[in-house]
Structures are given as structure tokens and as C-alpha cells.
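Asker: Just dropping this structure here.
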Amino acid sequence: LAKTTQPISMDSYEGQEVNITCSHNNIATNDYITWYQQFPSQGPRFIIQGYKTKVTNEVASLFIPADRKSSTLSLPRVSLSDTAVYYCLVGGLRGQNFVFGPGTRLSVLP
Amino acid sequence: DAMVIQNPRYQVTQFGKPVTLSCSQTLNHNVMYWYQQKSSQAPKLLFHYYDKDFNNEADTPDNFQSRRPNTSFCFLDIRSPGLGDAAMYLCATSRELGTNTEAFFGQGTRLTVV
């Protein structure tokens, strides 16, 4: 099962771009990388998923280098409402999906 | 519209008194998961169902059981809740178990044990 490592917390200011990097050194060939966002007292919510290079959607971008041993979630121009915990997940063996790492607590300051 | 619905949102139970938490889904997904999340911690996978096949995580206590009577519903039974079982319980679904699937989470049930 691929283990992930993320910074425990990050601070940013409104309007800035935030990059959160996740390390997953033992990622398997068929593993995808998925990021979830969780607000207090709510369930996690899917943000973005990728396999290699770059993926972009309406809320974020995901950058994955060629060796796939890390990935970076990029949030453009964050607002106060982006304050949340962000989890990086890497697919594991059948039956071990969606095992969360410790996550990164992002605080966006005015 | 909510796609994964957990009831109730808040549950108070007595120490040692069995309690059942429920989850329903409108997505017709094959997989349903139960997670336990304690304060300031990441969600911890307890078990999941792929259709009717039950898969228990190795470190899930025997005190926790689950039932999935049909595709739409899944229940978490805590046979004898202890104070340490107070947590948010999250239900999630996914279409398949593949690494490229997306999980959909409910709002959670916050369990208090008194």
C-alpha cells in the first residue's frame, strides 16, 4: 500500500496561489493520485485526480513529475473558504482503496 | 441533491448500549465504505463492501460490525460502545475499487458516548 507524506499545515493569504506537495515514493504502476478536501464536520470532497503530467479542472491543478514519486496540488488565488484539510491519496491494492494519510491543514488568512 | 445520506447527523448513546448508524446512496455504486474519524485525525477505514462481499480492515475492532442488505443501504453497528468510540463516522461510496475511481462521502454521523 502506497504511503503518502504531506506537510502537516500551511498558511496562506487570500489571493495567493497555494501549492501542497505530497510524496509517494512507492507508488505502483497502476496507481492514480487523488486529492480530497475536507471542511470541519463534513465528509471529504473529491478535488482532482491524475496519473501523470498535469491535470486541471475548475478548482485546482495537479502536477505529477515523470517519476510519479510526488505530486503537487495547486490552488489558484485562494480565498478564506479554501481553509480546510487537504488529503492526498494513492490507490493501493484491491480492498485497500481510499486509505487516508495525515493530510495538510491549510489556513487562509485575510 | 444529497447522493450519500447518513442518519442521524448526531447520535448520543450510552456506554455499552448497542447503536446503529445508517447510510444510504442514490448513486447505485458497487462499493460502500465506513470510516471512523476522531478529532484532528484523518479518516480511518473500518471496512467496505463490494456488492455483498464484506472486507474488514485488519485492525478494525470486533466491536464494529456492518450490514448491507441491498445496494442502497449500509449500516454500521457498534455492539458495545466505549468512550473511545466517540468520533465522526463517515460513509462513502465508489463505483468500483479501481485506483482511478472517485469516492463520494456523506456528511457523517457524530457519535457521542456518555
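The values are calculated or read from the model by the stated rules, or taken from the named source; none is laboratory data. Keep in mind it's a predicted model, so treat the numbers as computed, not measured. Here Cβ is always computed from backbone atoms with ideal geometry, including for glycine, and neighbour counts include all displayed protein chains. For accessibility, only protein heavy atoms count, side chains too; no ligands or nucleic acids. Shrake-Rupley method; radii C 1.70, N 1.55, O 1.52, S 1.80 Å.
Asker: Considering only DSSP states other than H, G, I, E and B, which trypsin sites (Lys or Arg not before Pro) in the stretch B:1-64 qualify as loop sites with at most 14 other Cβ atoms within 10 Å?
Answerer: B:R9, B:K38, B:K52
Asker: Continuing with this model, one more query. Which FRET efficiency value, to the nearest 0.05, do you get for B:S80 and A:Q42 by plugging their Cβ-Cβ distance into 1/(1 + (r/R0)^6) with R0 = 35 Å?
Answerer: Details: r = 28 Å, r/R0 = 0.81.
For R0 = 35 Å, the calculated efficiency reads 0.75.
Asker: Using the Cα centre as the reference, give the magnitude of the dipole from point charges on the C-beta atoms of the protein assembly as shown (Lys, Arg: +1; Asp, Glu: -1; all else neutral), rounded to the nearest 20 debye. It would help to have the intermediate numbers written out before the result.
Answerer: Numbers: 19 positive and 17 negative charges, 45 e Å.
Taking the Cα centre of the protein assembly as shown as origin, the dipole is about 220 debye.
Asker: May I ask you to rank A:M10, B:M88, B:M3 by accessible area, largest first, using a 1.4 Å probe over the protein chains only?
Answerer: Details: A:M10 50, B:M88 10, B:M3 80 Å².
In descending accessible area the options line up as B:M3, A:M10, B:M88.
Asker: To the nearest 10 Å², what's B:L27's accessible area with a 1.4 Å probe?
Answerer: Accessible area, nearest 10 Å²: 40 Å².
Asker: Another question, if that's okay. Let me cross-check B:D51: its accessible surface, 1.4 Å probe, with only protein heavy atoms counted, in Å² to the nearest 10?
Answerer: Accessible area of B:D51: about 80 Å².
Asker: Assuming 0.36 nm per residue, please report the length gained on full extension of the stretch B:V12 to B:E57 beyond their Cα-Cα distance. Walk me through the numbers on the way to the answer.
Answerer: Numbers: separation 45, 0.36 × 45 = 16.20 nm, distance 2.55 nm.
Taking 0.36 nm per residue and subtracting the Cα distance, the gain is 13.7 nm.
Asker: A follow-up question, please. How far is the Cα center of the stretch B:92-107 from the Cα center of the stretch B:7-72, in Å?
Answerer: Here the answer is 14 Å between Cα centres.
Asker: To continue, here is another question. For chain B, give the magnitude of the charge dipole about the Cα centre (Cβ charges: +1 Lys/Arg, -1 Asp/Glu; no others), in debye to the nearest 20.
Answerer: Details: 10 positive and 10 negative charges, 72 e Å.
Around 340 debye, computed over chain B.
Asker: Computed on protein heavy atoms with a 1.4 Å probe, what is the summed buried accessible area for the chain pair A and B, in Å² to the nearest 100?
Answerer: When A and B are taken together, about 1900 Å² of accessible area is lost.
Asker: So, one more: With the other protein chains left in place, how much accessible area per residue, in square angstrom, belongs to chain A at a 1.4 angstrom probe? Don't skip to the end; give the middle numbers.
Answerer: Values: 5500 Å² over 110 residues.
About 50 Å² of surface per residue is accessible.
Asker: Write down the Å³ per residue value for the convex hull defined by the alpha carbon atoms of the stretch A:27-84. Please report the intermediate quantities before stating the final value.
Answerer: Details: hull volume 5.2 nm³, N = 58.
In the stretch A:27-84, the Cα convex hull volume per residue is 89 Å³.
Asker: Could you work out the relative contact order of chain A, using alpha carbon pairs under 8 angstrom and six or more residues apart, expressed as a whole percent?
Answerer: On the way: 281 pairs, mean separation 40.9, N = 110.
Rounded, it is 37 percent for chain A.
Asker: Could you work out the Kirkwood radius for the stretch B:4-113, taking every pair of different alpha carbons, averaging 1/r and inverting it, reported in Å? Let's see the in-between values first.
Answerer: Working: mean 1/r = 0.0722 Å⁻¹.
By the Kirkwood definition, the hydrodynamic radius is 13.9 Å.
Asker: Looking at chain B as a GNM with Cα springs under 10 Å, which of B:S66, B:S40, B:S22 has the largest mean-square fluctuation?
Answerer: Largest GNM mean-square fluctuation: B:S40.
Asker: How many nm is it between the label spots at A:N57 and A:L109, if each spot is 7 Å from the Cα in line with the beta carbon?
Answerer: That separation, rounded to one decimal, is 3.1 nm.
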